[in-house]
Amino acid sequence: MYKVLIVDDEPLIREGLRTIIGWEELGYEVVGSAAEGLDALDKVAQLAPDVLIVDVRMPGMDGLTLIRTLQERMKPCPRFLILSGHADFDYARQALAMRADAYLLKPVDEDELTDNLAKLKQRLDAENRAARQMDKSPERSRDELLVSLLTGRGAKGAEANAHPAFRASSYEVILLKLESRFEIDSEKSDVIKRRLIETYEASDKALFFAMEPYLGLVLKDGHGRGAVYDGLEAICRENGLDLIAVSGGRVDCLSELRLSFRRAQERMRGRFALEGGRLHGWDEQGAFYAPSGAGKELPEAESYAERLFLALDVGNEEAACAALREMGAAMLEANMPEQSLKAGFVQAVTAALNKLAASRPERRARCQAFATEVLEIYPEYRYAGALERLNGLIREAAAEFRDYGGDKQVQRMIDVIRRNYQENLKLESLAEVFNYNSSYLGKLFKNTTGESFNTYLDKVRIEKAKELLQDGMKVYQVAERVGYSNVDYFHSKFRKYVGASPSSYRKK
């Protein structure tokens, strides 16, 4: 029987879970319950449960914090089934990142919970059988030797040299990370492990090891990287998964195996920026993405959001995608962590869409829909995949907001000015999103309207300022509202076009 602890702040839920499920028939025993996270920590220490059913939202220590704490403290750690009364994308994403076995919504469906418990029991049974077999197997000593050589902790070089499995002229550590936009089923992971052992260890080409969150091979005698990667990719593809693979480089003796492993680990830290379809070496030329642990902010984030907004407003998808590419390249160069980088993209696109919604109220619903779709980049495990998804979204948005043919650029400029006069509009910025030379576009605008771009913008702003002054708004508030950050400059412009000061005009 596997022991179960129920953690939920609602007494009815705790009692209901005890009674609606036929625990013994499924191979489980409910050994206790807890009303919140801190109580659950004490119960785990006392009862040593195999499985926790955990509510996400609880007073004190919440469910996700409880899981994170137990995973840090306990090896091995209990398995988790998560309950939530909120269909919240962020909770689900965090739960999956913590390797929870299921994420279930309240009210709990009896059949769904029973089905998940049955699947979990199968996984627990398989792990226990494998552990018992490992205890009986002479390979356990080989695995212990390999781990000690890779980590440098208690390394036994002489003993390893005497072991027949380690005999080779050279060694190369290959680290693998199984990837998917969805939760990776542990059964698929186990299948891949078995295939790797059958394919590479049985032929004495490599030694297999598993070191969470990675799988790994130690290639022996310089077996070709390209052929090895093709085999790894085929095994993963058969099971519906992708992979990221890096090499720590070849070494000539077992005492240097730790160096190859450490270099592979360092390269794997920047895996988000690595392209698919090949094995990456630790010493490749070019930019090396090495994300720092601390979250970072991009200094020019607002300018990228502004460029993106203007490009979307005129329906120029190429200019919008270019702004995204340049922003992404800058974040990679700044070594921003993956989550910070994704958040930067989301903030920039969301800010642009919010501005677009404000300037085009009739499109507000579509802007909000696009803003929701931006969150779909979070499950992406490659930078290229995240950027491709964003580019597709931006191209779709730009197509929807494109109102005019290519021969009506001046009318499009006028519409942009009238919708966004309060923004920091510049001819150079508009020329970029319209794909025109700024000097040519300025002449085209003046020939069509009879006024320069800056004069036209000033007049639109001043006309709006007159309306706001008549409504009783204060001068400094009006200046800021129509796009002048300097009140004195606003005074001079207003006097130039109206012939009176803002204060005098308001008193009329």
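Here are some pairs, LYS426/LYS446; LYS426/LYS459; LYS355/LYS508; LYS355/LYS426; which of them have Cα atoms lying more than 24 Å apart in this structure?
Correct reply: LYS355/LYS508.
Calculate how steeply helix 139-151 sits against the longest principal axis of the alpha-carbon atoms of the chain, using the helix alpha-carbon long axis, and give the answer as 0 to 90 degrees to the nearest 10.
Value to nearest ten degrees: 40.
Cross-link partners among aspartates and glutamates for LYS3, C-alpha distance below 18 Å, same-chain residues fewer than 8 apart left out?
Within the straight-line limit of under 18 Å, LYS3 reaches these aspartates and glutamates: GLU15, GLU24, GLU25, GLU29, ASP39, ASP42, ASP50, ASP55, ASP101, ASP115, ASP125, GLU127.
What aspartates and glutamates does LYS496 reach when the alpha-carbon gap must be under 12 Å and sequence neighbours fewer than 8 apart in one chain are set aside?
Straight-line reach from LYS496, under 12 Å: ASP458.
When the helix-only estimate is applied to the chain (DSSP H runs of n ≥ 4, each -39,500 (n - 2.57), divided by the residue count), what is the mean residue ellipticity at 222 nm, nearest 500 deg cm²/dmol?
-17500 deg cm²/dmol
Relative contact order for the chain: what percent, with Cα pairs under 8 Å and sequence separation of 6 or more? If you can, show how the numbers build up before the last one.
Values: 688 pairs, mean separation 41.9, N = 508.
Relative contact order comes out at 8 percent.
Starting from the Kirkwood radius over alpha-carbon pairs of region 409-507, derive D by Stokes-Einstein at 25 °C in a medium of 0.890 mPa s and give it in µm² s⁻¹. Intermediate results must be reported in sequence, preceding the final value.
On the way: Rh = 14.1 Å.
Approximately 174 µm²/s, per Stokes-Einstein.
FRET efficiency for LEU259 and LEU104, Cβ-Cβ distance as r, R0 = 41 Å, nearest 0.05?
Plugging the Cβ-Cβ distance into 1/(1 + (r/R0)^6) gives 0.35.
How are the Cα pair distances of region 284-368 distributed, in percent, across 10 Å bins from 0?
18, 43, 27, 10, 2, 0
Taking a 26 Å limit on the Cα-Cα distance, which of the listed pairs LYS119/LYS205; LYS464/LYS507; LYS43/LYS75; LYS121/LYS205; LYS43/LYS193 fall beyond it? List each step's numbers first, then the result.
Working: LYS119/LYS205 35 Å; LYS464/LYS507 17 Å; LYS43/LYS75 17 Å; LYS121/LYS205 35 Å; LYS43/LYS193 34 Å.
Violating the 26 Å Cα-Cα cut-off are LYS119/LYS205; LYS121/LYS205; LYS43/LYS193.
What translational diffusion coefficient, to the nearest whole µm²/s, does region 142-281 have by Stokes-Einstein, given a Kirkwood radius computed over alpha-carbon pairs, a temperature of 25 °C and 0.890 mPa s viscosity?
The calculation lands on 162 µm²/s.
Hey, got the dipole for region 2-131? About the Cα centre, +1 on K and R Cβ, -1 on D and E Cβ, debye to the nearest 20? Can you show the working numbers first?
On the way: 16 positive and 24 negative charges, 124 e Å.
Roughly 600 debye, rounded to the nearest 20.
So for LYS443, LYS119, fewest C-beta neighbours within 10 Å to most, what's the order?
Ordered from fewest to most neighbouring Cβ atoms within 10 Å, LYS443, LYS119 come out as LYS443, LYS119.
What angle, in degrees between 0 and 90 and rounded to the nearest 10, separates the Cα long axis of helix 487-498 from the longest principal axis of the Cα atoms of the chain?
Approximately 40 degrees, to the nearest 10.
Taking every Cα atom in region 2-131, find the radius of gyration and the maximum pairwise distance Dmax, and write them in Å.
Rg, Dmax (Cα atoms, Å): 13.5, 39.
Calculate the spin-label point distance for THR65 paired with ARG269, positioning each point 7 Å from the Cα along the beta-carbon direction, and give it in nanometres.
Distance between the two pseudo-spin positions: 2.9 nm.
The numbers here are math on the coordinates, done by the rules we state, and not lab data. Being a predicted model, the structure only gives us computed values, none of them experimental. Every residue, glycine among them, receives a Cβ derived from its backbone with ideal geometry; neighbour counts consider all protein chains shown.
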